[in-house]
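Read the structure below first, then the notes.
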Amino acid sequence: MHLSKALTAALATLVAGAAVAVAVTTAAPAGAAAGTGTGYLHTSGNKIVDSTGATVRLTGINWFGMETDNRTFHGLWSSTPWKGHIDKMASLGYNTIRVPYSNDALKPGATATGINDYVNPDLIGLSPLQILDKIIAYAGGKGMRIILDRHRPTAAGQSALWYVPATPESTWINDWKALAQHYANNPTVIGADLHNEPHAEGTNPNATGSCWGCGDQARDWRLAAERAGNAVLSVNPNWLIFVEGVSCPSGGLSNVWDGDPSNDEDCGWWGGNLSKAGQYPVRLNVANRLVYSPHDYATSVYHQTWFDAPDYPANLPAIWDKYWGYLYKQNIAPIMIGEFGTTLAANVDKIWLQELLKYTGTGVNGMSFTYWSWNPNSGDTGGILNDDWTTVNQAKQAILQPYLIPPTGGGTGQPSDTPTPNPPGQCAVTYKQTSSWQGGFQGELTVKNTGTGTISDWAATWTFPSGVTLVNGWNAVVTQSGTTWTAKGPDYAKSLAPGASVAVGFTANGPAAQPANATCS
């Protein structure tokens, strides 16, 4: 999903040569199994587990841009530094970033554009791959994981098949092998989403798009996923292989005018139809590496017939069961919903989002997902960020929040099962103003547990001069009474573990000012 519906040698040279100025992190991500686990991940039945066997649930976000003509993450043009985006993702509870890219971003001489050099001086002159290295290193330090998503064969747009004339299958596979080798010793990067949204093209019986189980080497996405997945595992056997569905198993669109029902079939979202995966499973040479990754969307993307059913939304679980949920319920393989999103402009969309998340289940044993998207500039869904690239869409975040499992070691941290009292004076508050405009400003107050015990029901207070009024806040319950402001831990993160911190963001009307009398407990 997006705004609209010769690397191998060069990359090997880039990786090996002095051109790579950014060191790739080789240590395991910070944190324990409570967040994104320890070491590399693998599968066990319908679960994703870490190197110790502990179940891990990926609750992530898509941050796109590297698949476009910019060849790097969108929003780097905003007033928020690149690290600030990752800080905010982690503090909100997103433990994984799915990174879409196109093969154009990996070509020799590829240039990243759309970067605010004043805000991000450390990105000046870096290639798309070098910027990706920095993002991965920083995210890994916060306990987050990265999934690489081959979103487009070229920056021009998505494709029904996994190859186009400018990017043949050989380039697709060789680029994947080069990336797998590049990150072979970095368990922050957990796997490859091989190709985004394979889908139907042409009218049946003259299908030209991606099919599932049809046996045509040029069109059978299941067979192509096996070829690419096994090539990746041959150089990096630790990666997970994420395989999306198709839209129509035949690879062609139904001809509803020919009067022949044999040419008509039940089709779903691009990448969202895995109904044939049970009969024709993806076969990988390394066991316990396969994750099926469907996409699902709301009416803001396309008005599917099931949104008009008289029993909506009670009809939705059976639809999801048919297309992909059965793989999870029958313990065949894990599900990681790679994309789902909505503008929330219509109530039917809000209901869809609530029901889909309910279907995934709560807690660590639920299905994994990466929401589309962090970016507000996705034309048919919008993002978790508002158009200012800074404030959070609280309506969306509130629906997602109960299902998010924060990365251990980043953001708010994980609440302790048995909080212990924290010694007095072991809590620190720092403040920075992140932006300002005529009549208002944005600030960030960081509360850090500097002690050795967990702080239960943490809170911070401070004062602003009269005339400064609260607009909204995030990462905490922020309130104002006169000149006194208070931030308290939200229900999902009432405790701060030792060393953990939370960045409380807010916007305010009135003259920009520094807080006074700031304390926390």
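Some observations on this one:
- Taking all Cα pairs closer than 8 Å and separated by 6 or more residues, the relative contact order of the stretch 450-521 comes to 47 percent.
- Summing +1 for each Lys or Arg and -1 for each Asp or Glu among the other residues whose beta-carbon sits under 11 angstrom from that of E226 gives +2.
- Sum of -39500 (n - 2.57) over DSSP H runs of 4+, divided by residues of the chain (222 nm, nearest 500): -5500 deg cm²/dmol
- Only protein atoms count toward the accessible area here, which uses a 1.4 Å probe; on the stretch 472-517, the carbon and sulfur part of that area reaches 49 percent.
- Rounded to the nearest 20 debye, the dipole magnitude of the chain is 1420 debye, with +1 charges on Lys and Arg beta carbons, -1 on Asp and Glu beta carbons, and the Cα centre as origin.
- DSSP bridge analysis restricted to the chain gives an antiparallel fraction near 60%, rounded to the nearest 5.
- For the stretch 112-192, radius of gyration divided by Kirkwood radius, i.e. Rg to Rh on alpha-carbons: 1.01
- Relative contact order, percent, the stretch 179-259 [alpha-carbon distance under 8 Å, six or more residues apart]: 43 percent
- Residues listed by number, the stretch 218-254, amide nitrogen under 15 Å from Y280 label point at 7 Å toward C-beta: 218-227, 244-253
- Three-way shape label, the stretch 279-398, alpha-carbon gyration tensor, a/c 1.5: oblate
- Quotient of C-alpha Rg and 2.2 N^0.38 Å, computed over the stretch 80-145: 1.16
- For the stretch 190-315, the Stokes-Einstein estimate of translational diffusion at 10 °C and a viscosity of 1.306 mPa s comes to 102 µm²/s, using the Kirkwood hydrodynamic radius over alpha-carbon pairs.
- Each label was represented as a point 7 Å from its Cα along the Cα-to-Cβ direction; for H303 and S79 these points are 3.9 nm apart.
- Rounded accessible area of L58 (nearest 10 Å², 1.4 Å probe): 0 Å²
- In the full protein context, the stretch 238-373 carries 38 Å² of accessible surface per residue, based on a 1.4 Å probe and ignoring ligands, DNA and RNA.
- Portion, in percent, of the accessible area of the stretch 301-377 that falls on carbon or sulfur, probe 1.4 Å: 55 percent
- Fraction of accessible area attributable to carbon and sulfur, the stretch 177-227 (%, probe 1.4 Å): 43 percent
- Listed residue pairs exceeding 19 Å between alpha carbons, taken from K142/K448; K88/K494; K142/K432; K83/K177: K142/K432; K83/K177
- At full extension, R227 and I124 could sit 33.3 nm farther apart than now, given 0.36 nm per residue minus the alpha carbon distance.
- On full extension, the segment bounded by D117 and Q394 gains 96.8 nm, given 0.36 nm per residue less the C-alpha separation.
- The stretch 46-197 - accessible surface per residue (Å², probe 1.4 Å): 25 Å²
- Calculated from backbone phi, Karplus (6.51, -1.76, 1.60) coupling profile of the stretch 311-323 in Hz, x at Gly/Pro: 9, 4, x, 5, 7, 5, x, 5, 5, 5, 3, 5, 7
The values are calculated or read from the model by the stated rules, or taken from the named source; none is laboratory data. Since this is a predicted model, take the numbers as computed values, not measurements. Every residue, glycine as well, gets a Cβ built from its backbone with ideal geometry; the counts of neighbours run over all protein chains shown. Each accessible area value is taken on the protein alone, full model and side chains, heavy atoms only, with ligands, DNA and RNA left out. Shrake-Rupley method; radii C 1.70, N 1.55, O 1.52, S 1.80 Å.
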